[in-house]
Amino acid sequence: MPERTFTLDDLRRILLESAGSEEGVDLYGDIEDSEFEELGYESLALLETGGRIEREFGISLDDVNLSDITTPRALVAAVNELLSADVAA
């Protein structure tokens, strides 16, 4: 099975679908290293986002503490690490 990757565009789409966006926040700008709070996403929105990622990508984020992941870059990396582990297993 080919390795599937989770991209920043996947994250943008899921964030918009699950929690919308704050007025004045451009999710299509350079957001990779912006804190989720700066982008208008608090813990509840991130939990919903995590649930959608799990369902869509067939992974479990149980081993990932979403409250420790503060930027889109870190979340994309964590999801891709899980996806790589699933392929290797």
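Every number here is computed from the coordinates shown, using simple stated rules; none is lab data. Just so it is clear, the model here is predicted, and its values are computed rather than measured. With ideal geometry, Cβ positions are generated from the backbone for all residues, glycine too; neighbour counts draw on all protein chains shown.
Per-residue ellipticity at 222 nm computed for the chain from its helices equals -16000 deg cm²/dmol, with DSSP H segments shorter than 4 residues left out and the rest contributing -39,500 (n - 2.57). Remark: the range 47-89 projects, on average over all directions, an area of 2.8 nm² (convex hull of Cα atoms). Taking packing as the residue-averaged number of other Cβ atoms within 10 angstrom, the listed peptides 57-65, 70-78, 23-31 run from highest to lowest as 70-78, 57-65, 23-31. Measuring how big the chain is from its alpha-carbon positions, Rg and Dmax come out at 12.6, 42 Å. Full extension of the chain between S67 and R13 yields a length gain of 17.4 nm, computed as 0.36 nm times the residue separation minus the alpha carbon distance.
Rounded to the nearest 20, the Cβ-based charge dipole of the chain about its Cα centre (Lys and Arg +1, Asp and Glu -1) stands at 380 debye. Largest first, the three principal axis extents of the alpha carbons in the range 1-51 are 40, 23, 17 Å in whole numbers.
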